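Coordinate-derived values only; no laboratory data. Computed from a predicted model, the values in this text were never measured in an experiment. Note: ideal-geometry Cβ built from the backbone for every residue, glycine included; neighbour counts use all protein chains shown.
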């Protein structure tokens, strides 16, 4: 099966979009069909790279005590002459990198198991609001206005902790999944309890993969 450049570019954008949703809630039948079709095309083009079909890792990042520093460059003469917008740029600053940042990484398919567990214990509607998800989103990177707004919209850690704490059978059902599930649930609880905001970052697809 051959792919046009336009189709390849569409897939490079669309697959991460669907994956981000899939990590938080079940896909519709149409979305699942679309994803299956794109993965089939990808598998045919890269027959020796089947593990990449669902091989992305997911990194949970927990951060607290953050502030936003405006690092927008001074408006240039060129921008002034041609009335070009001087886009805002920010960087996240953290009080103590060692104490105020933590990470937990697992396979994408395990992330789907976590989502399914949340649905099984009655958090299917809350989970998408509890865990912001993006791809190629690193808190150390420069942020534009939209990126800053994404971080500022994170849910209250106390609310997230209370949802896990109050959910019946969570510990029991996590134990059925195994020790790894118990560990990640405890990690989420501990960090939300201690005021960390948590987001998930799906490893991005390399651009040259679609050349």
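Observations
- In terms of other Cβ atoms within 10 Å, 192, 187, 159 run from fewest to most in the order 159, 187, 192.
- Sorting 145, 189 from the fewest to the most surrounding beta carbons within 10 angstrom yields 145, 189.
- For the stretch 5-210, share of DSSP beta bridges that run antiparallel, in % to the nearest 5: 85 percent
- Percent RCO, i.e. relative contact order, over the stretch 5-210, from Cα pairs under 8 Å lying at least 6 residues apart: 30 percent
- Here 42, 193 are placed in order of increasing Cβ neighbour count within 10 Å, fewest first, which gives 193, 42.
- Rounded if a/c under 1.5, otherwise prolate or oblate - the stretch 5-210, Cα gyration tensor axes: oblate
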